[in-house]
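Presented below is the structure to which this report refers.
The values are calculated or read from the model by the stated rules, or taken from the named source; none is laboratory data. Bear in mind that the values here come from a model prediction, so they are computed numbers and not experimental data. Cβ placement follows ideal geometry from the backbone for every residue including glycine, while neighbour counts extend to all protein chains displayed. Side chains are part of the model used for accessible areas, which takes the heavy atoms of the whole protein and leaves out ligands, DNA and RNA. Shrake-Rupley method; radii C 1.70, N 1.55, O 1.52, S 1.80 Å.
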Amino acid sequence: MSDKGAYKAFDRSLYNKADTRGKDVISSWLTEHGHSITNTKENYSCDIVTEKNGVTHNTEVEIKFSWKGKWPDTWEEIRIPYRKEKLLVKENLTFYVLRSDCKQAWAISADILKNIATVKEASNKYIRKGEKFFHIPVKHAQLLEII
């Protein structure tokens, strides 16, 4: 995976709105499913590190604020910023993309990003021209009921 393209400028207010809430929601869900949380400190790597049955799991969390209610049938793919590519070296890595109210999430294993996703530009009024994303067909993700 080569040229990463342009990146969205860091938005501190959006980060503050999403980071703690997303981590808290997914940490609770993981705990309910047998994981022990070992780390959620900001270290510019994975958002959450857990242990389950002696195995370390890495988790990255994002909230998709434009996703409200039922996932639209016209949204045939989930997009994860390509800048997250640096995390793909982590063992047992899963990406969670939460709905704006955090009641549902898509779970996507890193293997899907490595082997199935396409990498290309995406554009809308919120995305900087040239920014690349992993594009994952929804059929390769698992939709979870969170709350």
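Note on region 88-146: the C-alpha convex hull projects to 4.9 nm² when averaged across all orientations. The residues of the chain expose on average 59 square angstrom of accessible surface per residue, using a 1.4 Å probe on protein heavy atoms. In deg cm²/dmol and to the nearest 500, what is the mean residue ellipticity at 222 nm of the chain if only DSSP H runs of at least 4 residues count, each as -39500 (n - 2.57), divided by the residue total? After summing the helix terms and dividing by residue count, I get -6000 deg cm²/dmol. Around the Cα centre of the chain, unit charges on the Cβ atoms of Lys, Arg, Asp and Glu (plus for the first two, minus for the last two) sum to a dipole of about 520 debye. How large is the translational diffusion coefficient of region 29-116 in µm² per second when you combine the Kirkwood radius over alpha carbon pairs with Stokes-Einstein at 4 °C and 1.567 mPa s? Calculated translational D: 93 µm²/s.
For region 53-129, chymotrypsin sites (Phe, Trp or Tyr not before Pro) are listed when DSSP marks them as loop and at most 12 other Cβ atoms sit within 10 Å of their Cβ; the list is Trp75, Tyr126.
The Kirkwood hydrodynamic radius of the chain, based on inverse pair distances between different Cα atoms, is 15.8 Å.
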